[in-house]
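Everything on this sheet refers to the single structure shown next.
The values are calculated or read from the model by the stated rules, or taken from the named source; none is laboratory data. Because the structure is predicted, anything quoted here is derived from the model rather than measured. Cβ atoms come from the backbone with ideal geometry, glycine included; neighbour counts cover every protein chain shown.
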Amino acid sequence: MPQIPVAANRDLDEIILSGKISVVTNFNQTSYFIYKGEPMGFYFELLRRFADHLDLDLEIIPENDIDKAYQLLQSGEADIIAMGLTVNSERKELMNFSVPVFETRQVLVQRKPDSWRSMRVHEIEKALIRSQLDLADKSVYVQKGSSFKQSLLSLEKESGEDIDIVEAPFDSEELVKQVSKGEIPFTVCDEKIARLMNALYPNLDFSTPVSFPQKQALGVRKEGSEVLLKEIDTWLTRFTASDEYVLLDKKYFKGYRMARMAGSDYFSNNTGKVSPFDELIKKYSDTIGWDWKLVAALIYQESRFDPAVESGRGAYGLMQVMPETGRHFGLDVTGSVDNNIRAGISYIRFLDGIFVKKIPDNEERIKFILASYNAGQGHIIDAMKLASKNGFDPGKWDGNVALFLAKKSEKAYYTDPVVRNGLLKGGAAVNSYVDAVLERYDHYKNLK
């Protein structure tokens with residue numbers, strides 16, 4: 001594994017000052033994925049809890065190539081690497097490891113005979129490799145840069161037999177899939193992952209160990225992350241002893257729920273789909289020049305992709321459009337999903353027309369439009385006027401207009417002469433709404 005120059009230090013104090021912690025992890029069926037529009041995954045949820053503990057935003061950097069993940073860590077783009085890395089002497093030269101997240105063994109992945117369903121157990125067993133000595137001269141595919149190669153080399157040394165070890169640019173979950181399809185003969189994966197894979201691929205066997213139990217942990221940079229590592233260790237020691245950890249482990253590594261999810265059309269890592277309405281969202285997003293994944297993130301926040309949901313104040317459907325707003329654009333928002341999306345898109349176009357001259361920067365303007373979609377443009381314009389009056393930038397959202405939108409619940413501000421739309425009780429909630437849509441959009445952008 002190549003040595004990479006370590007970047008300038010970015011320890012916990014600097015991370016806290018930045019407001020976010022960045023984690024590089026696998027984009028796969030267990031670490032991090034998107035299902036029915038919702039980001040999920042063992043390491044995603046684990047690190048989100050850690051970020052919440054520090055009161056920081058969590059940035060996920062998806063990367064399945066281990067060497068590239070190391071580069072992201074060492075360059076400072078990522079603060080933590082969370083890829084189910086086995087702790088070994090080679091990796092200890094490159095990074096410091098946390099206390100273990102869990103322990104697991106590595107197991108051989110092999111296909112059962114084609115007629116295995118009609119065979120007796122002893123017949124299947126006879127056809128499978130159960131002695132590691134029987135791997136002699138067999139081709140075993142492993143992820144490039146993974147610890148699986150080292151385990152197989154150790155087997156070679158102990159047995160005196162040669163194993164054809166083939167390094168491939170795929171993670172273990174993809175290689176398991178290739179064995180199931182008959183594209184490659186053997187691979188190796190962690191026993192913990194095998195529990196999920198066994199439900200997904202019943203034609204495979206995961207019963208032959210190729211290593212002793214090994215620790216898996218989070219990694220940080222070798223230099224300059226000492227305080228961060230201490231904080232991770234303290235938190236992780238407490239968390240892994242909790243009932244919450246037991247439930248998290250059960251959710252992702254035990255039972256058949258994850259297998260059912262992974263086989264769904266809306267397991268987005270496999271299909272690229274976010275919702276049943278993607279094609280309509282793409283069609284109408286194009287008319288306003290917005291990325292369809294941004295519109296999808298807004299729709300999820302509004303309705304969780306439920307086309308029949310109705311709010312207490314009468315907003316209806318996927319985009320939670322008021323019927324009178326729809327009628328303004330000549331559309332019955334309760335009539336069809338198509339009408340509802342068209343009305344919501346028409347309203348976004350209307351809001352863009354209000355702010356386009358005031359806020360030329362497109363990315364900045366999107367925040368104002370999202371806030372207006374949630375609270376109405378009048379309150380947002382009031383907040384812009386308050387920001388300007390108090391020496392803040394009326395064309396910037398974060399720390400400027402967002403600040404004064406939250407203050408519109410205070411009498412001194414909602415009675416100010418520049419304010420035309422009065423009290424807004426939920427200004428802070430509007431700010432959270434904008435953040436939530438953009439955070440979800442960041443996850444959706446990870447989809448290929």
Quiz item: When only residues in the range 320-350 that are surrounded by 21 or more Cβ atoms within 10 Å (Cβ to Cβ) and of a type in the set (A, V, I, L, M) count, which is nearest to S285 (Cα to Cα)?
Solution: I345
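So that you can scan it fast, the table gives a plain yes or no per residue for (1) under 30 Å from Y316 (Cβ atoms); (2) among the hydroxyl-bearing types (S, T, Y); (3) part of a loop (DSSP other than H, G, I, E, B); (4) modelled with pLDDT under 95:
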site: I380; (1), (2), (3), (4): yes, no, no, no
site: A387; (1), (2), (3), (4): no, no, no, no
site: K408; (1), (2), (3), (4): yes, no, no, no
site: L423; (1), (2), (3), (4): yes, no, yes, no
Exercise. Would you tally the residues in the range 132-168 being touching a residue at least 40 places away in the same chain (Cβ under 8 Å) and assigned to a loop (DSSP other than H, G, I, E, B)?
Key: 5
Quiz item: Within the range 169-185, restricting attention to residues that are modelled with pLDDT of 95 or more and in a loop (DSSP other than H, G, I, E, B), which residue is farthest from N270 (Cα to Cα)?
Solution: P185
Self-check item: Unmet requirement for E14, which otherwise passes all of (1) modelled with pLDDT under 95; (2) charged (D, E, K, R); (3) part of a helix (DSSP H, G or I)
Solution: (1)
Quiz item: If you scan the range 407-448, which residues turn out to be under 18 Å from L370 (Cα atoms) and hydroxyl-bearing (S, T, Y)?
Solution: S432, Y433, Y441, Y444
Exercise. Exactly one condition in (1) exposed (fewer than 14 other Cβ atoms within 10 Å of the Cβ); (2) out of contact with any strand residue (DSSP E or B) (no Cβ under 6 Å at 6 or more places or on another chain); (3) in a helix (DSSP H, G or I) is not met by T237; state its number.
Key: (2)
Quiz prompt | Residues that are within 24 Å of the chain's Cα centre (by Cα) and over 30 Å from F186 (Cα atoms), drawn from the range 205-237 | solution = V220, R221, S225, L228, L229, E231, I232, D233, W235, L236, T237
Quiz item: Do the conditions hold for A343, that is, is it among the aliphatic types (A, V, I, L, M) and out of contact with any helix residue (DSSP H, G or I) (no Cβ under 9 Å at 6 or more places or on another chain)?
Solution: no
Practice problem: Could you please let me know if V188 is at pLDDT 95 or above, more than 23 Å from the chain's Cα centre (by Cα) and not assigned by TED's automatic domain parsing to the domain that holds S75? | Solution: yes
Quiz item: Would a scan of the range 279-290 turn up a residue that is assigned to a helix (DSSP H, G or I), β-branched (V, I, T) and surrounded by 21 or more Cβ atoms within 10 Å (Cβ to Cβ)?
Solution: yes
Practice problem: Please tell me if A436 is at pLDDT 95 or above, assigned to a helix (DSSP H, G or I) and either surrounded by fewer than 21 Cβ atoms within 10 Å (Cβ to Cβ) or outside the structural domain of Y32 (by TED's automatic domain parsing) (or both). | Solution: yes
Quiz item: Taking interchain pairs and intrachain pairs at least six residues apart, which have beta carbon atoms under 6 angstrom, with the first residue in the range 52-67 and of a type in the set (D, E, K, R) and the second in a strand (DSSP E or B) and crowded, with 18+ Cβ neighbours inside 10 Å?
Solution: E59/S22; E63/V24
Quiz item: Of the numbered conditions (1) surrounded by fewer than 18 Cβ atoms within 10 Å (Cβ to Cβ); (2) outside any loop (DSSP other than H, G, I, E, B); (3) over 28 Å from the mean Cα position of the chain (by Cα), F404 satisfies every one except a single condition; which is it?
Solution: (1)
Quiz item: Does A259 count as more than 30 Å from A194 (Cα to Cα), assigned to a helix (DSSP H, G or I) and of a type in the set (G, A, S)?
Solution: no
